[in-house]
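The structure appears right after this line, and notes come after that.
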Amino acid sequence: MSETMSQAEFSRLHSVSRKTVTSWKSKGLLVIDEAGKVVVAASNKVLADNGLGVTPALPRVTESAPEDSSTELTDAELAALEVYSKGNAPLVFVEAKRVKENYLALLRQLEYETKAGRLVDKEAVAALHAKRWAGERKAFEDWPSRVTPPLAAKFGIDPVALRVALEEEMNKHLTARVEDRKSVV
């Protein structure tokens with residue numbers, strides 16, 4: 001049968017006041033037997049799952065421990081020790097709840113900032129920029145064809161030769177701009 005004790009003894013075990021133990025009992029965090037005593041192991045588990053009470057420490061393992069020691073760890077204790085030693089210990093309920101609430105608050109802040117117009121979608125901005133750049137590039141590529149006839153007439157130059165020269169220079173310029181942009185990104 002499981003070990004039982006009075007609420008006063010249980011409060012001393014956990015170094016808390018009797019009022020705290022009474023509060024745990026009213027919240028349903030203590031397992032009470034028919035005699036009104038606290039079932040220690042079951043109550044400790046419920047408290048630990050809720051981030052309350054004293055969590056018993058894991059047994060210490062030393063490399064010099066003899067192999068025939070009577071304090072060998074069970075498979076469950078070894079698995080727990082491995083998880084804790086790697087720093088990947090699962091969170092107790094209260095810590096997990098705090099982390100969850102913090103992340104929910106951050107999500108709400110992102111939603112607010114987006115609705116307020118202070119945050120924009122990265123992909124939408126990139127698509128808009130690409131569309132705008134494509135339009136600008138097209139306008140620059142078409143520019144030599146638009147300005148060649150009036151310039152050729154003004155300076156008395158062969159229009160075909162002028163257009164070819166302007167297109168070559170514009171292509172060099174645009175290609176250099178693309179290369180400059182790639183080196184920045």
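Identify the residue in region 111-129 that is hydrophobic (A, V, I, L, M, F, W, C) and surrounded by 10 or more Cβ atoms within 10 Å (Cβ to Cβ) and, among all such residues, is farthest from Arg181 (Cα to Cα). The extreme case among them is Leu119. Collect the residues in region 14-41 that are assigned to a helix (DSSP H, G or I) and either surrounded by fewer than 16 Cβ atoms within 10 Å (Cβ to Cβ) or hydroxyl-bearing (Ser, Thr, Tyr) (or both), keeping them in residue-number order. Arg18, Lys19, Thr20, Thr22, Ser23, Ser26, Ala41, listed by residue number. The residues of region 1-50 that are small (Gly, Ala, Ser) and touching a helix residue (DSSP H, G or I) at 6+ places or on another chain (Cβ under 8 Å), listed by number, are Ser2, Ala8, Ser11, Ser17, Ser43. Criterion first (hydroxyl-bearing (Ser, Thr, Tyr), under 30 Å from Leu47 (Cβ atoms) and assigned to a helix (DSSP H, G or I)) does Tyr103 satisfy it? In short, yes.
All told, Arg98 meets the bar of being under 30 Å from Ala76 (Cα atoms), part of a helix (DSSP H, G or I) and free of Cβ contacts under 8 Å to residues at least 24 places away in the same chain.
Filtered by the rule that a residue be part of a loop (DSSP other than H, G, I, E, B), of a type in the set (Gly, Ala, Ser) and surrounded by 11 or more Cβ atoms within 10 Å (Cβ to Cβ), region 42-57 gives Gly51, Gly53.
Contact map, region 108-137: first residue over 21 Å from Leu174 (Cβ atoms), second residue in a loop (DSSP other than H, G, I, E, B), Cβ cut-off under 6 Å, separation 6 or more or different chains; pairs are Glu113/Leu119.
Values in this text are rule-based calculations from the coordinates and carry no lab data. The model shown is predicted, which means the values in this text are computed figures rather than measured ones. Here Cβ is always computed from backbone atoms with ideal geometry, including for glycine, and neighbour counts include all displayed protein chains.
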